[in-house]
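Q: Please find one structure pasted underneath; my questions will follow.
Derivation of every value follows stated rules applied to the coordinates shown; laboratory data play no part. All values derive from a computational prediction rather than experimental measurement. Every residue, glycine as well, gets a Cβ built from its backbone with ideal geometry; the counts of neighbours run over all protein chains shown.
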Amino acid sequence: MADRAKGVPVALEGIPFILLAGGITVGSWVAGLVWPTCLLGTVTLFVGWFFRNPARTIPSGETVVVSPGDGAVVAVEPEFEHRYLKAQAIRISIFLNVFNVHINRMPIAGVVQDVLYQPGQFMAANKPGASTGNEQNALMLLRADGSKVLCVQIAGLIARRIICWVVPGEQVKMGERFGLIRFGSRMDVYLPQQSLIQVKVGDKVQGGSSILAELPRVEGS
């Protein structure tokens, strides 16, 4: 179910980690261990901050594509997407480090046509080979005009869990939360090759609010 995390300050999946870190911190404090308590308290605050779930202002526009995640654009490349789209596309890759928000958001509005999980490696997510070699979860999104956008959650060197809340057939809105990746990751978006790209390598983007591109209009739509 998309946007199941709406209105909560942290991702629900992060609560066990926060409670665990907090419990160990309290135990250290009860034992009278001052410096370990300070260190563990800092760790607890970081874990809570990592799973933060900020609200975002979603842009308007039928052809707008927003970023599915927070981070830095590490690639904007034309390529033939041979696994799912089986068509020429433009790939925009966004690297999320451990300091970024890790909630993932829908890049467009439409229907989730398919959700495809692929096991794989855990190489550094900013490496080119991560797009095809790493563990990942691909969402095929179908727009009302019949065009398709592929959004891929990719695990990284530290990330070991991809979480996705949507299922095939679900209607989604642009900017809605649909999942997260724990502790460092990458998001790839494959767009029609006629799309007007609005970002370049090195740009910092925010999930749900930064515009990545304008999709081409389909005749008759």
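Q: Which FRET efficiency, nearest 0.05, do Glu62 and Lys200 yield, Cβ-Cβ r, R0 22 Å?
A: About 0.40, to the nearest 0.05.
Q: Fewest first, what order do Ser93, Ser195, Ser28 take by the number of other Cβ atoms within 10 Å?
A: If I rank by nearby Cβ atoms, fewest first, I get Ser28, Ser195, Ser93.
Q: Starting from the eigenvalues of the Cα gyration tensor, five times each then square-rooted, give me the equivalent ellipsoid semi-axes of the chain, largest first, whole Å.
A: Output for the chain: semi-axes of 34, 18, 15 Å.
Q: Additional query: Give the residue from Leu196, Trp49, Pro107 lying farthest towards the positive end of the charge dipole for the chain; charges sit on Cβ (+1 for Lys and Arg, -1 for Asp and Glu) and the dipole is referred to the Cα centre.
A: Of the options given, the answer is Trp49.
Q: What does the charge dipole of segment 64-214 about its Cα centre add up to, to the nearest 20 debye, if the Cβ of each Lys and Arg holds +1 and the Cβ of each Asp and Glu holds -1?
A: I would put it at about 300 debye.
Q: Amide H to amide H under 5 Å from Ile162: which residues, 5+ apart in sequence or cross-chain, H placed 1.01 Å off N in plane?
A: Long-range HN contacts for Ile162: none found.
Q: Once amide H atoms are placed 1.01 Å from N in the peptide plane, what residues at a sequence separation of 5 or more from Asn134, or on another chain, have their amide H within under 5 Å of its amide H?
A: Gln121
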